[in-house]
1. Among the residues of segment 77-93, which ones are part of a helix (DSSP H, G or I) and either within 16 Å of the ligand (Cβ to nearest atom) or at pLDDT below 95 (or both)?
2. Given (1) touching a Ser or Thr at 6+ places or on another chain (Cβ under 7 Å); (2) among the basic types (K, R); (3) touching a residue at least 60 places away in the same chain (Cβ under 8 Å), identify the lone condition not met by R217.
3. For segment 250-259, does any single residue satisfy the condition of being closer than 24 Å to V87 by Cα and surrounded by 23 or more Cβ atoms within 10 Å (Cβ to Cβ)?
4. Looking at segment 195-230, which of its residues are surrounded by 18 or more Cβ atoms within 10 Å (Cβ to Cβ) and among the hydrophobic types (A, V, I, L, M, F, W, C)?
5. Only one residue in V468, V462, V447 is assigned to a helix (DSSP H, G or I) and surrounded by 22 or more Cβ atoms within 10 Å (Cβ to Cβ), so which one is that?
6. If you go through segment 254-273 one residue at a time, how many are within 16 Å of the ligand (Cβ to nearest atom) and acidic (D, E)?
7. Collect the residues in segment 50-93 that are of a type outside the set (G, A, S), surrounded by 10 or more Cβ atoms within 10 Å (Cβ to Cβ) and more than 30 Å from L401 (Cβ to Cβ), keeping them in residue-number order.
8. How many of the residues in segment 94-126 are crowded, with 20+ Cβ neighbours inside 10 Å, within 22 Å of G270 (Cβ to Cβ) and of a type outside the set (D, E, K, R)?
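The values are calculated or read from the model by the stated rules, or taken from the named source; none is laboratory data. Here the structure is a predicted model, which means the values were calculated and not measured. Every residue, glycine among them, receives a Cβ derived from its backbone with ideal geometry; neighbour counts consider all protein chains shown.
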Amino acid sequence: MNESSLGQELREEMENLIGPLARSLSNVILATDDRIALPPGSESALAEFSEALPEHGCGATATIERLLELNEAAGGNTGGPRCFHFVIGGSTPAAMAADLLATAYEAVTYTWLLSPVGVRMELQALDWLKEMFGLPRSWPGVMVTGATMANFVCLAAARQWWSEQLGFDVSATGLSGRPQMPVLTSGFVHASTLKVMAIQGIGRANVQQFSRDDFGRLDLVALEQALIDLKGQPALVIVNAGEVNAGEFDPVKEMIGLARQHNCWVHVDGAFGLFARLSPRTAHLVEGVEDADSVTVDGHKWLNVPYDSGYAFVRDYDLLARAFRYSADYLPDEHSDRPTPGAIGPESSRRARSFAVWATIKAYGRTGHRRIVEHCLDLAQHFSQQVKNAAQLELMNDVQLNIVAFRYNPGGLKEEQLNELNERLGEAVLADGRFLVGTSRIGSRIVFRPAFSNWRTRFSDVEEFAEVVLAIAKGLS
Ligand SMILES: Cc1ncc(COP(=O)(O)O)c(C=O)c1O
């Protein structure tokens, strides 16, 4: 590439690329239903992947062709209808289109000045989300990459509050020589919270979990005793609204009510569980969440916007700003008339996640999103019925939301043998590739835990999933 003609060459290349790119986008998006969930043999497809640093490169057209080829051979179809792993949503048409446009516009939402519309969309979309979830409108919110970072924001706010209760400012002085912040929760606490505790110097091992059974369900009496024992010392109570193994909930209202009798910051991790509020069938599971101090929600799970997209809501704007202060003479601060999300959250450079969130709510409204949630509730019930109907599948609990914990149990096997069989079966189902699904552990039992959070999934997909698991299992045992 000759430096003097660089601009001209790249402009021409962009013009030549855009037509084929539009066709590729159309092919890729419209094939989402049919693309395999996880192409078998992806490792061998990538065997020749590593190469020496290209000196001159092969140009955009050849590179994008190669990318498409590689993705067909070794890309998980995580937005497709047969991905039940982790908790992964699809993308609504409006969200997908808006997200592509956010990239095309190269929109930056650090501060209003760089994209007045992107920042206004963020504030508007967060207001809409608060209304949908029944959270107080006065709470500030901030868009981040996902629930891990939303938990990061909320715990940073909790830690700031805790330090001020003890008469110091953790953001200014750090934690050296200070006591540990007590953190109390149930056995449902998500790994991302432990990661955040590690990063923020609270300490991963400093969590106290009060659970009464293998599932991790809250022992409310033990929690109450621990809070009494704190004798008014400030503490953080984490309420888990939706846990990942079986989609169960802490008793939100009781737990918050109890914490409120003590000197606690209450954080609710509602990454996917908060969507229960959108349906009258499940709203009771998160009743009372508005009495918390901070709440985590994920968008790329059940809002069905593209990765990555999560939201932190915190009761107190000034506290949030003290935790995330980002100031320099050339930067707008958190009190500027021009809203600056980068000054109240961890990321300063931020892409316009707001485009997709605003667009999907604008396009489908509260009702459209309630329909997506209820469709997934129906899928979970339908799948649990398939499990009940199959003599060799064992349902692990009553399905409350969108996750169905089950295992293969042909009878006559000891627990260890069942675990070993289900572990092998999990690997075999992944190797088959028609479904992308994971296993986990409830107590000492290995279980499958398909999560349904994508509008694309059909009843026939979940029926086929039960058939495929049974057929593969038959080949193993
Ligand atoms: C309850 C809960 N919290 C936090 C997370 C982390 O979310 P993310 O992967 O979007 O960071 C998850 C992910 O499944 C979750 O289920």
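1. In the first step, residues of segment 77-93 are kept if they are part of a helix (DSSP H, G or I); the result is 93.
Listed by number, the list is empty, since nothing qualifies.
2. Status for R217: all satisfied but (3).
3. Within segment 250-259, the first condition is being closer than 24 Å to V87 by Cα, and the residues that meet it are 250-252.
Then keep just the ones that are surrounded by 23 or more Cβ atoms within 10 Å (Cβ to Cβ); that gives 250, 252.
Among the residues of segment 250-259, at least one is closer than 24 Å to V87 by Cα and surrounded by 23 or more Cβ atoms within 10 Å (Cβ to Cβ), which makes the answer yes.
4. Answer for segment 195-230, where residues must be surrounded by 18 or more Cβ atoms within 10 Å (Cβ to Cβ) and among the hydrophobic types (A, V, I, L, M, F, W, C): V196, M197, I202, F210, F215, L218, L223, L227.
5. Checking each option against the conditions leaves just V462.
6. Number satisfying all stated conditions: 1.
7. Of the residues in segment 50-93, the ones of a type outside the set (G, A, S) are 51, 53-56, 58, 61, 63-72, 77-78, 81-88, 92-93.
Keeping just the survivors that are surrounded by 10 or more Cβ atoms within 10 Å (Cβ to Cβ) gives 58, 61, 63-72, 77-78, 81-88, 92-93.
Scanning segment 50-93 gives C58, T61, T63, I64, E65, R66, L67, L68, E69, L70, N71, E72.
8. Total meeting the criteria: 3.
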